Amino acid sequence: MPGRASPTPGATTTVEPFGTLPDGTAVERWTLRTGPVTMRVLTYGGVVQSFEVPDARGDVGNVVLGFPDLAGYLSAADPYFGALIGRFGNRIAGGAFELAGEVHRLPRNEGPHTLHGGPGGFDDRVWEATAVGDQHVAALELRLVSHDGDQGFPGTLSTTVTYRLDPGARLTVQYRATTDAPTVVNLTQHTYWNLSGEGSGTVYDHELQIAASGYTPVDDTLIPTGVVAPVAGTPFDFRTATRIGERIRDDHPQLLAGRGYDHNWVLDSAGTLTEAAVLHDPASGRTLRVETTEPGLQFYSGNSLDGTLVGTGGRTYRQGDGLALETQHFPDSPNQPAFPSTLLRPGRVYESTTVFQLSW
């Protein structure tokens with residue numbers, strides 16, 4: 001299949017084949033370019049496979065983790081590299097929740113719990129893609145229909161996610177969903193970042209700042225206890241820029257539970273598009289700023305990477321070689337009435353926006 005390109009001089013969007021699923025479904029890879037930035041997106045899982053930007057010296061490198069071919073993403077070992085997550089990002093305790101007096105049971109794929117929508121979540125689906133950019137912005141619209149009962153969730157959910165890459169090296173991710181029956185929704189994006197470059201080693205020398213005075217502690221199975229605890233005086237205080245590796249090996253019960261950081265921060269501002277986090281890499285000079293309308297940010301420090309996965313650059317990924325900053329509602333919200341609601345009813349629209357701004 002020949003590549004298709006947008007007929008615009010400043011921003012381009014092209015597409016090429018990227019393999020087929022075992023059932024014969026074709027997977028495409030779309031390339032979005034604006035200025036010096038190139039982003040590649042798969043229709044499988046809406047995966048951001050690569051994101052190439054210059055560093056302070058002008059050298060261009062890929063700053064996200066991923067696989068070189070489709071087989072890696074189809075493997076059970078894929079840790080959600082670059083994927084869109086749904087219907088429900090993060091964990092639901094016991095693989096069940098109650099809605100309007102009815103208990104909905106979900107497939108469990110992390111011990112006794114359901115993680116990221118279950119074993120057949122949105123990260124394992126082929127999305128329908130359409131280029132929607134113009135001469136200034138490279139943009140891709142991804143659409144997916146999840147039918148009533150899919151992974152145990154009620155209601156048919158129609159979802160649209162749009163990636164917009166503008167000349168300012170800003171990636172805007174816009175989520176929109178509607179349902180025909182009451183359901184719960186929590187969509188997010190699971191790109192693993194390493195601003196020194198994919199395959200370059202750990203992110204422990206990156207400096208992270210999170211605009212949050214509180215976080216949600218978890219039990220030993222990583223389910224929130226329901227408490228919002230202050231970050232002050234703990235290794236979870238990133239209100240000022242702090243090296244990720246500075247406290248990650250502290251003898252703190254929460255770090256032991258997560259084998260590092262795998263927690264939800266309660267953002268100080270929510271509902272309007274405001275800055276949630278800033279990630280800076282002194283070695284490359286690159287900075288990532290994250291803005292979101294969501295109330296929470298899950299910071300995951302790549303704790304499960306164990307050297308068994310080979311990335312796009314041909315090097316293995318080990319613990320801490322990438323991190324995820326997942327903008328979202330809180331984990332287990334359907335079972336935690338004190339948390340912001342994830343309920344979506346017919347006639348209402350789920351809308352969420354996150355911006356990833358790169359600079360160097």
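The values are calculated or read from the model by the stated rules, or taken from the named source; none is laboratory data. Computed from a predicted structure; not experimentally measured. Cβ coordinates were reconstructed from backbone atoms using ideal geometry, including for glycine residues, and neighbour counts include every protein chain displayed. Surface accessibility is based on the protein's heavy atoms, side chains included, excluding ligands, DNA and RNA. Shrake-Rupley method; radii C 1.70, N 1.55, O 1.52, S 1.80 Å.
Descriptive notes on the structure:
- Debye log10 I(q)/I(0) for segment 315-360, one point scatterer per Cα, at q = 0.22, 0.26 Å⁻¹: -0.95, -1.07
- Note on ASP250 and GLN319: their simple-model spin labels are 1.8 nm apart, each label 7 Å out from Cα toward Cβ.
- With the largest listed first and rounded to whole Å, the semi-axes of the equivalent ellipsoid of segment 217-300 from the Cα gyration tensor are 22, 18, 10.
- Debye intensity ratio in log₁₀ form over the Cα atoms of segment 284-360, taken at each q of 0.11, 0.19 Å⁻¹: -0.47, -0.98
- Between the residues GLY285, PRO235, GLY201, the greatest Cα displacement towards the positive end of the dipole of the chain, with unit charges on the Cβ of Lys, Arg, Asp and Glu, is found for GLY285.
- Spin-label model distance (nm) - GLU16 vs SER341, 7 Å beyond Cα toward Cβ: 4.8 nm
- Fraction of the pair-distance distribution of segment 69-149 above 18 Å, Cα-Cα pairs, percent: 54 percent
- Alpha-carbon geometry of segment 95-213: the Rg and the Dmax are 17.9, 51 Å, given in that order.
- Within the assembled protein chains, the solvent-accessible surface assigned to ARG143 is about 60 Å², based on a 1.4 Å probe.
- Dimensionless Rg ratio for segment 152-261, taking C-alpha atoms and the 2.2 N^0.38 Å reference: 1.37
- Residues of segment 190-210 with amide N under 17 Å of a point placed 7 Å along Cα→Cβ from VAL310: 199-200
- Rounded to the nearest Hz, the phi-derived 3J(HN,Hα) couplings of segment 179-185 under the Karplus curve 6.51 cos²θ - 1.76 cosθ + 1.60 (θ = phi - 60°) are 9, 9, 8, x, 7, 10, 9, where x marks glycine and proline.
- Eigen-decomposition of the gyration tensor built on the alpha-carbon atoms of segment 288-328 gives equivalent ellipsoid semi-axes of 26, 11, 7 angstrom, largest listed first.
- Given +1 at the Cβ of Lys and Arg, -1 at the Cβ of Asp and Glu and no other charges, the dipole of the chain around its Cα centre is 400 debye to the nearest 20.
- Förster radius 25 Å - calculated FRET efficiency between ALA76 and ARG243, Cβ distance, rounded to 0.05: 0.15
- Between segment 14-65 and segment 247-293, the alpha-carbon center distance in angstrom: 25 Å
- Compared with the alpha-carbon gap, the fully stretched path from THR130 to THR156 is longer by 7.2 nm at 0.36 nm per residue.
- Computed log₁₀ I(q)/I(0) - Debye formula, equal Cα scatterers, no solvent, the chain, q 0.11, 0.14 Å⁻¹: -0.70, -1.20
- Stokes-Einstein translational diffusion, segment 135-196 - Kirkwood Rh over all Cα pairs, 0.692 mPa s, 37 °C, in µm²/s: 241 µm²/s
- Computed over the chain, the per-residue total of -39500 (n - 2.57) for DSSP H runs of n ≥ 4 gives a 222 nm mean residue ellipticity of -500 deg cm²/dmol, rounded to 500.
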